[in-house]
Amino acid sequence: MSVYRVAVCEDEAGAGEQLAELCRDIFETWGVEAELSLFPTADGLDAAWEGFELYLLDIQMEGTDGLELARRLYERGVRDRVVFITGSAEYALAGYSVHPLDYLLKPVDREALEQA
């Protein structure tokens, strides 16, 4: 069985760890072997973007934000693999220009993340 690779891009360390742990728990419940990689900046993930099946992106970050990173991924052919996770609904309309799987507001609950 291959490993399902997930990139979590979140500039708040505690929030990133919490999201990764929630993902691990979901995948374990489903019996899916998953590898989660945490990125504290969009530029860090941008440099290592290839090979992930799912991208969980915060939007509001210092420097390059999650929307810009999603646009770059979309231009590279990443389709139907981005979930925005953010504290503000104000970016929802702009976020949908890159056709994300979902747009979840913080704090993310397990059910919403599983459905996404």
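Please report, in cubic angstrom per residue, the volume enclosed by the convex hull of the alpha-carbon atoms of the chain. Numbers along the way, then the final one.
Working: hull volume 10.8 nm³, N = 116.
Value for the chain: 93 Å³ per residue.
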Item to complete: Express in whole angstrom the spacing between the alpha-carbon centres of region 60-116 and region 3-55.
Response: 13
Fill in: Radius ratio Rg over Rh of region 31-86, counting only Cα atoms, Kirkwood formula for Rh
0.95
Discussion item. Please list 3J(HN,Hα) in residue order for region 80-92, calculated via the Karplus relation 6.51 cos²θ - 1.76 cosθ + 1.60 where θ = phi - 60°; whole Hz, with x for glycine and proline.
Written reply: 6, 9, 10, 10, 7, 10, 8, x, 9, 7, 5, 9, 4
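Give me the percent of accessible area attributable to carbon and sulfur for the chain, probe 1.4 angstrom.
Working: 3010 of 6240 Å².
On the chain, the fraction of accessible area on carbon and sulfur atoms equals 48 percent.
Accessible area per residue of the chain at 1.4 Å probe, in Å²?
Values: 6240 Å² over 116 residues.
In whole numbers, the chain has 54 Å² accessible per residue.
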Practice prompt. Would you mind checking which residues have amide H under 5 Å from I85's amide H? H placed 1.01 Å from N; only 5 or more apart, or other chain.
Written response: L57, D58, I59, L104
Worksheet item: Using a simple spin-label model with points 7 Å from Cα along the Cα→Cβ vector, what separation in nm is obtained for S88 and E114?
Response: 3.2
Response to the item:
Karplus-derived 3J(HN,Hα) from phi for region 103-116 (6.51 cos²θ - 1.76 cosθ + 1.60, θ = phi - 60°), whole Hz, x at Gly and Pro, runs 9, 10, 8, 6, x, 7, 9, 4, 4, 5, 5, 4, 5, 5
Fill in: Whole-Hz couplings from phi, Karplus 6.51/-1.76/1.60, listed for region 20-32; x for Gly and Pro
4, 5, 4, 4, 4, 4, 4, 5, 4, 4, 7, x, 9
Worksheet item: According to a simple spin-label model (label point 7 Å from Cα along Cα-to-Cβ), what is the distance in nm between E68 and E50?
Response: 2.4
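The values are calculated or read from the model by the stated rules, or taken from the named source; none is laboratory data. The shown structure was predicted, so the numbers you read here are calculated from the model rather than taken from an experiment. Cβ sites come from the backbone with ideal geometry, for glycine too, and all protein chains shown count toward neighbours. When the accessible area is computed, the model is the full protein with side chains, heavy atoms only, and any ligands, DNA or RNA have been set aside. Shrake-Rupley method; radii C 1.70, N 1.55, O 1.52, S 1.80 Å.
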